[in-house]
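Some notes on the structure that comes next.
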Amino acid sequence: MTDSRSKLQMMIVTALFAAIIGVMAQLTIPLPLVPITGQTLAIGLAATILGSRYGTISVLVYLAMGAVGIPVFSGMSAGLGVVFGPTGGFLVGFIPATFIMGYYMERTSFSFGQAMIANVIGMFITLFFGTVWLKFIAELSWTAAFMAGFVPFLIGGFIKAFLAAWAGILIRGRLMANRLLLA
C-alpha cells in the first residue's frame, strides 16, 4: 500500500470515528447535572482501535465540530456554551484519556486484557477532569461534585470499558487483517 493511500485511509477512519463519537453521544440517560452517554464508549473504541495518535485526533475533530456549532454533543447540543458548561470537563478530559489509553496499549499490547486496563484508566481520567471542572463551574463542594460527577458513572463506566475493550480489539483485528488500518 502506498504511503499516501495509507495516510488517506487513516484520515478517513479518523473522521469516521469523530462521527461515531457524535452519534454515540446521542445515546443518553438523563441525570440532574451530567447525563450518562455513549460518548465514553465511543472514545474507548477510538483509542482501542486507532491508538493514541489517530484516536486523539478523532476526539479533537469531534470536539471541534461541536464547538463550531454542529450538534454532535449529547442531546444534539453544540457550541462553546457546552464546552465551557458543566459537562465541559468531561469533554476536555476525553483528550488526555484517549491519548493515554492508546499510548498504554501501544506500549503493552492490543489485547483484551490490556485494552480493559487502558479503558478503565481512561474512565478515571475522564471522571477526574469532569468532577474537577464540575466543582468549579457549578460552584459545588468537593463532595457534591464527586457525588454528581463521579459516583453515578462508575458502574456504567466499567461496563463501557469492558465493551470498548472487547469490541475494540475484535474490530481492530479485523481491520488490520483486511489492511484497512495502519499498525
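Quick note: the coordinates plus some simple rules give every number you see, no bench work behind them. Model, not experiment: these values are computed from the prediction. We place every Cβ from the backbone using ideal geometry, glycine too, and count neighbours over all the protein chains shown.
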**Complete:** Residues T48, T143, T14 in order from fewest to most other beta-carbon atoms within 10 Å are T143, T14, T48
**Prompt:** Which whole-angstrom value gives the distance between the alpha carbon centres of region 128-152 and region 35-94?
**Reply:** 19 Å
**Per-residue HN-Hα couplings for region 38-55 [Karplus 6.51, -1.76, 1.60; θ = phi - 60°; Hz; x = Gly/Pro]** = x, 4, 5, 5, 5, 5, x, 5, 4, 5, 5, 7, 9, x, 5, 5, 6, x
**Asked** Residue-wise, which Karplus ³J(HN,Hα) couplings in Hz belong to region 150-164, taking 6.51 cos²θ - 1.76 cosθ + 1.60, θ = phi - 60°, and x for glycine or proline?
**Response** 10, 4, x, 9, 5, 4, x, x, 5, 5, 5, 4, 4, 4, 5
**Complete:** So, relative contact order of region 3-177 in percent, Cα under 8 Å, 6 or more apart, is 24 percent
**Complete:** On the formula 1/(1 + (r/R0)^6), with r taken between the Cβ atoms of L154 and F112 and R0 of 30 Å, the FRET efficiency rounded to 0.05 is 0.90
**Förster radius 25 Å - calculated FRET efficiency between T143 and V83 (Cβ-Cβ, nearest 0.05)** = 0.45
**Prompt:** Just in region 111-183: which trypsin sites (Lys or Arg not before Pro) are loop by DSSP and have at most 12 other Cβ atoms within 10 Å?
**Reply:** R179
**Asked** Using the alpha-carbon atoms, what tilt in degrees (0 to 90, nearest 10) does helix 88-107 show relative to the longest principal axis of the chain?
**Response** 30 degrees
**Item:** Footprinting exposure proxy for R53, R5 (fewest neighbouring C-beta atoms within 10 Å first)
**Value:** R5, R53
**Request:** Let me know the Rg and Dmax you get for region 3-177 when you use only its Cα atoms, in Å.
**Result:** 15.5, 52
**Request:** Could you work out the Kirkwood radius for region 76-151, taking every pair of different alpha carbons, averaging 1/r and inverting it, reported in Å?
**Result:** 13.1 Å
**Asked** Given H placed on each backbone N at 1.01 Å, which residues far from A138 in sequence or on other chains put an amide H within less than 5 Å of it?
**Response** none
**Request:** For I36, list long-range residues whose amide hydrogen, built 1.01 Å from N in the peptide plane, is under 5 Å from its own amide hydrogen.
**Result:** I29, L31
